[in-house]
Amino acid sequence: MICDFLIIGGDGDLAFRKLYPSLYHLEQAGCLPPCLKIVGISRSEGDQNSFRQKVREKFDSYHSETADEKVWQVFNERLHYAQVDATSESG
């Protein structure tokens with residue numbers, strides 16, 4: 001089964017402080033299904049690589065723990081970014 005976890009406001013403070021770290025910890029505990037994709041959705045321009053880098057930078061700056069690099073690598077592969085503007089006709 002394919003699973004996508006969409007985070008509206010994916011580049012917001014709540015997502016960076018709470019949601020992504022919580023999902024990382026679920027990854028660390030082995031609780032996420034192998035097929036899960038985590039998609040941050042925002043109106044801001046950006047690409048997948050810069051989004052992934054920002055998630056890591058915010059994780060490191062907001063949390064005193066050091067991420068396990070092997071776990072982070074798997075978690076990082078789950079992260080995707082989509083720019084969507086619901087206020088415009090083109091999306």
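Within the bounds of the stretch 42-59, is there any residue that is under 10 Å from the mean Cα position of the chain (by Cα) and among the β-branched types (Val, Ile, Thr)?
The answer is yes, given that some residue of the stretch 42-59 is under 10 Å from the mean Cα position of the chain (by Cα) and among the β-branched types (Val, Ile, Thr).
Take the residues of the stretch 60-85 that are within 12 Å of Glu27 (Cβ to Cβ) and not charged (D, E, K, R): which is surrounded by the most Cβ atoms within 10 Å (Cβ to Cβ)? Explain how you work it out, then say what you get.
Initially, the stretch 60-85 is screened for residues within 12 Å of Glu27 (Cβ to Cβ), giving 67-68, 70-79.
Those left that are additionally not charged (D, E, K, R): 67, 71-76, 79.
Details: Ala67: 18, Val71: 15, Trp72: 17, Gln73: 10, Val74: 14, Phe75: 24, Asn76: 17, Leu79: 21.
Out of the qualifying residues, it is Phe75.
Can you name every residue in the stretch 27-50 that is assigned to a helix (DSSP H, G or I) and within 15 Å of Ile7 (Cα to Cα)?
Gln48
Tell me which residues, restricted to the stretch 51-91, are assigned to a helix (DSSP H, G or I), in contact (Cβ under 8 Å) with a residue 12 or more places away in the chain and of a type outside the set (Phe, Trp, Tyr).
Within the stretch 51-91, Arg52, Lys54, Val55, Arg56, Lys58, Val71, Val74, Asn76, Arg78 qualify.
May I ask you to list the residues in the stretch 43-86 that are of a type in the set (Val, Ile, Thr), within 20 Å of Lys18 (Cα to Cα) and in contact with a strand residue (DSSP E or B) (Cβ under 9 Å, 6 or more places away or on another chain)?
Answer for the stretch 43-86, where residues must be of a type in the set (Val, Ile, Thr), within 20 Å of Lys18 (Cα to Cα) and in contact with a strand residue (DSSP E or B) (Cβ under 9 Å, 6 or more places away or on another chain): just Val55.
Cβ-Cβ below 6 Å, separation at least six or inter-chain, first residue in the stretch 1-30 and loosely packed, with under 11 Cβ neighbours inside 10 Å, second in a loop (DSSP other than H, G, I, E, B): which pairs?
Note: pairs meeting the criteria are Ile2/Cys35.
Readers should treat all values here as calculations from the given coordinates under stated rules, not as data from a laboratory. Just so we're clear, the structure is a prediction, and the values are computed from it rather than from any experiment. Note: ideal-geometry Cβ built from the backbone for every residue, glycine included; neighbour counts use all protein chains shown.
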